[in-house]
Structure formats: C-alpha cells, structure tokens
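*Asks:* Quick one: structure below, then a few questions.
The values are calculated or read from the model by the stated rules, or taken from the named source; none is laboratory data. These figures come from a predicted structure and were not determined experimentally. All Cβ positions, glycine included, derive from the backbone under ideal geometry; neighbour counts span all protein chains shown. The area values use the complete protein model at the heavy-atom level, side chains included, leaving out ligands, DNA and RNA. Shrake-Rupley method; radii C 1.70, N 1.55, O 1.52, S 1.80 Å.
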Amino acid sequence: QVQLVESGGGLVRAGGSLRLSCAASGRTFNSYTMGWFRQAPGQEREFVAGITWTGRVPYYRDSVKGRFTISRDGDKNTVYLQIDSLKPEDTAVYSCAASPRECRCTYAREYDYWGQGTHVTVSS
C-alpha cells in the first residue's frame, strides 16, 4: 500500500516556475514507477511525466518536454515535478500516481495509487 500527498501548487504568473512535490508513504516506494498527471477544468486527465523505479529514467508528454522535469529522491520517499516557463494552459489539478510495474506507463489505468492533487493556476 502506498499513500501519496502532493504539495507545491499555487497561483503563478505566466513564465514563472513551480516545483511540485509528492510525498509517499510505504516501505516499497523505490519499487514503484511514479507518474504525474493533470486535469484541467472540463478536460480529461492527461499524463505529463513519469520516472521508472530501476533506471530512474524520466519520460514526458511531448507537449511539456523541455519545460517539465521529473525527479525522485528515494531517501525522502518523494517525487518532484519542476515546471518552468509556465503557461496559462498549464492550469490544472496535478496528481501523482504510483505503479508497481517497471514501465513507461502513460495511462491512468496503469497506476494503482493516487494522491488527491494540488492546484496550479497560471495567470496571463
């Protein structure tokens, strides 16, 4: 069982940066692929970034490459999402998720555990 708690969201102007954090409980954190998803108002949830648990290889949605950086700290049981050059279209609820599979998982159904999400609002 893994419990996930996100933090770091907020209101920021376009062009700014945010670092989202996802704190995980559970002794097997380092055995999970971790992902970040977002859901904008009136839209479906979409994958934005993930990181595998063995090779710690990051992978991203094409539209966010170069602006989003995912990383994980096994000692702190935390995964981060650094978002730079924020755009109004990045406004969404960002959620982290954990999958017990070693995979480049981009579908929500591939993840077993979810946090409650943190709100990111980008003003123009």
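*Asks:* Out of (1) out of contact with any His (no Cβ under 8 Å at 6 or more places or on another chain); (2) modelled with pLDDT of 95 or more, what's the single condition that is false for residue 9?
*Replies:* Among (1) out of contact with any His (no Cβ under 8 Å at 6 or more places or on another chain); (2) modelled with pLDDT of 95 or more, the lone unmet condition for residue 9 is (1).
*Asks:* Of the conditions (1) open to solvent by 60 Å² or more (accessible area, probe 1.4 Å); (2) polar (S, T, N, Q); (3) more than 20 Å from residue 1 (Cα to Cα), residue 91 satisfies every one except a single condition; which number is it?
*Replies:* Result: residue 91 passes all but (1).
*Asks:* Okay, moving on. With the structure loaded, tell me whether residue 45 is basic (Lys, Arg), open to solvent by less than 80 Å² (accessible area, probe 1.4 Å), in contact with a Lys or Arg (Cβ under 8 Å, 6 or more places away or on another chain) and under 20 Å from residue 109 (Cα atoms) or whether it fails that test.
*Replies:* On the way: basic (Lys, Arg): yes; open to solvent by less than 80 Å² (accessible area, probe 1.4 Å): no; in contact with a Lys or Arg (Cβ under 8 Å, 6 or more places away or on another chain): yes; under 20 Å from residue 109 (Cα atoms): yes.
Criteria not met by residue 45.
*Asks:* Which of (1) farther than 19 Å from residue 114 by Cβ; (2) surrounded by 13 or more Cβ atoms within 10 Å (Cβ to Cβ) does residue 66 not meet, given it meets every other one?
*Replies:* The one condition residue 66 does not meet is (2).
*Asks:* So residue 36 passes all but one of these: (1) open to solvent by 50 Å² or more (accessible area, probe 1.4 Å); (2) in contact (Cβ under 8 Å) with a residue 24 or more places away in the chain. Which condition number does it fail?
*Replies:* (1)
*Asks:* Okay, next question. If we keep just the residues of the stretch 9-22 that are under 18 Å from residue 93 (Cβ atoms) and either among the basic types (Lys, Arg) or within 11 Å of the chain's Cα centre (by Cα) (or both), which is surrounded by the fewest Cβ atoms within 10 Å (Cβ to Cβ)?
*Replies:* Out of the qualifying residues, it is 19.
*Asks:* Also, quick follow-up: For the stretch 62-118, how many residues meet the condition of being of a type in the set (S, T, N, Q) and closer than 18 Å to residue 23 by Cα?
*Replies:* Step one: list which residues in the stretch 62-118 are of a type in the set (S, T, N, Q), which gives 63, 69, 71, 77-78, 82, 85, 91, 95, 99, 106, 116, 118.
Filter once more, so that each one left must be closer than 18 Å to residue 23 by Cα: 69, 71, 77-78, 82, 95, 99, 116, 118.
The total comes to 9.
*Asks:* For residue 71, indicate whether it is touching a Pro at 6+ places or on another chain (Cβ under 8 Å), open to solvent by 20 Å² or more (accessible area, probe 1.4 Å) and not β-branched (Val, Ile, Thr).
*Replies:* Details: touching a Pro at 6+ places or on another chain (Cβ under 8 Å): yes; open to solvent by 20 Å² or more (accessible area, probe 1.4 Å): yes; not β-branched (Val, Ile, Thr): yes.
Here the answer is yes, as residue 71 does meet what is asked.
*Asks:* Would the stretch 102-123 turn up any residue that is at pLDDT below 95, touching a helix residue (DSSP H, G or I) at 6+ places or on another chain (Cβ under 6 Å) and open to solvent by less than 20 Å² (accessible area, probe 1.4 Å)?
*Replies:* There is no residue in the stretch 102-123 that is at pLDDT below 95, touching a helix residue (DSSP H, G or I) at 6+ places or on another chain (Cβ under 6 Å) and open to solvent by less than 20 Å² (accessible area, probe 1.4 Å).
*Asks:* Please work out if residue 120 is in contact with a Lys or Arg (Cβ under 7 Å, 6 or more places away or on another chain), of a type in the set (A, V, I, L, M) and part of a strand (DSSP E or B). Give the derivation first.
*Replies:* Values: in contact with a Lys or Arg (Cβ under 7 Å, 6 or more places away or on another chain): no; of a type in the set (A, V, I, L, M): yes; part of a strand (DSSP E or B): yes.
So residue 120 does not fit the description; no.
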